Amino acid sequence: MSVSKNIHNNSIEKEKRGINTNLLSLGVYYFVLSRSAVFFGFAPNSGNLYHISLELLLKSVLSKKYSSDELRCRYGHSLKKMWKDFKSLNSVEDVSEFDDIIKNLDRFELIRYLEFPNRKSLSLTVNFDTSKVWIKASKDHETNIYSFNFDHMDKLFKFIILKSSIEPDFIRSYFMKKEAKEMYKRENKHTIFS
């Protein structure tokens, strides 16, 4: 079956869909892995894992409206496209504080490929100071420089979960191991459950 036929056949079901809990659970797991990578000092990997986490979380919410094939065709791995539709779907108004992080985090998608963008080296810094900017992606002549604010990533995660009307207890159910819950809570000022 072609993608266009599948999209047409699924249009009737769109109203009945809920959040894709498989995507949601993977998004939560990747989020905890992202945080872990920061504490382990795996800086480039943490940025890429955050990208994957947010991609899965946003797609889980957008699955209320789109089938898996539609999500794949419509968005690919583009956080910017997903974020735009997430805001529209959830009647989110002023979230300019999150717009920049989505825009710049979208660049982290490229880290997963062996030939890093423009064949330049990578520099990534993690900032724990809440007064600093979220993510700053800049380029000098020899290095692609990526940085993000750890605290603001936690704040964005919480925002997506709460704006999606996902119950915090439902998210808590994904933390079956004590160590995973501890990693989620470690230096996190924006937890969604106690």
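The values are calculated or read from the model by the stated rules, or taken from the named source; none is laboratory data. Quantities reported herein were computed from a predicted structural model and do not represent experimental measurements. Because the Cβ atoms are built from the backbone with ideal geometry, glycine has one as well, and the counts that use them run over all protein chains shown. Just the protein is used for accessible areas: all its heavy atoms, side chains included, with ligands, DNA and RNA removed. Shrake-Rupley method; radii C 1.70, N 1.55, O 1.52, S 1.80 Å.
Checking the cross-link pairs LYS64/LYS155; LYS59/LYS185; LYS87/LYS185; LYS80/LYS185; LYS65/LYS189 against a 30 Å limit on the alpha carbon distance flags LYS65/LYS189 as lying beyond it. In this structure, GLU167 and HIS77 have a Cβ-Cβ separation that, at R0 = 25 Å, corresponds to a calculated FRET efficiency of about 0.35. For ASN149, the residues whose modelled amide H falls within less than 5 Å of its own, excluding neighbours fewer than 5 places apart on the same chain, are ASN127, ILE135. Remark: accessible surface ordering of TYR29, TYR174, TYR75 (largest first) is TYR29, TYR174, TYR75, probe radius 1.4 Å. For the stretch 18-29, backbone phi angles converted through the Karplus equation (6.51, -1.76, 1.60; θ = phi - 60°) give residue-by-residue couplings of x, 5, 6, 6, 5, 5, 4, 5, 4, x, 5, 4 Hz, Gly and Pro being listed as x.
Spin-label model, SER68/PHE40: points 7 Å from Cα along the beta carbon direction are separated by 2.8 nm.
Note on GLU93 and MET176: the extension gain reaches 26.4 nm, defined as 0.36 nm multiplied by sequence separation minus the Cα-Cα distance.
Where a ≥ b ≥ c are the square roots of the eigenvalues of the C-alpha gyration tensor, would you call the stretch 50-93 rounded, which needs a/c under 1.5, or, failing that, prolate if a/b is larger than b/c, or oblate?
Note, shape of the stretch 50-93 comes out oblate.
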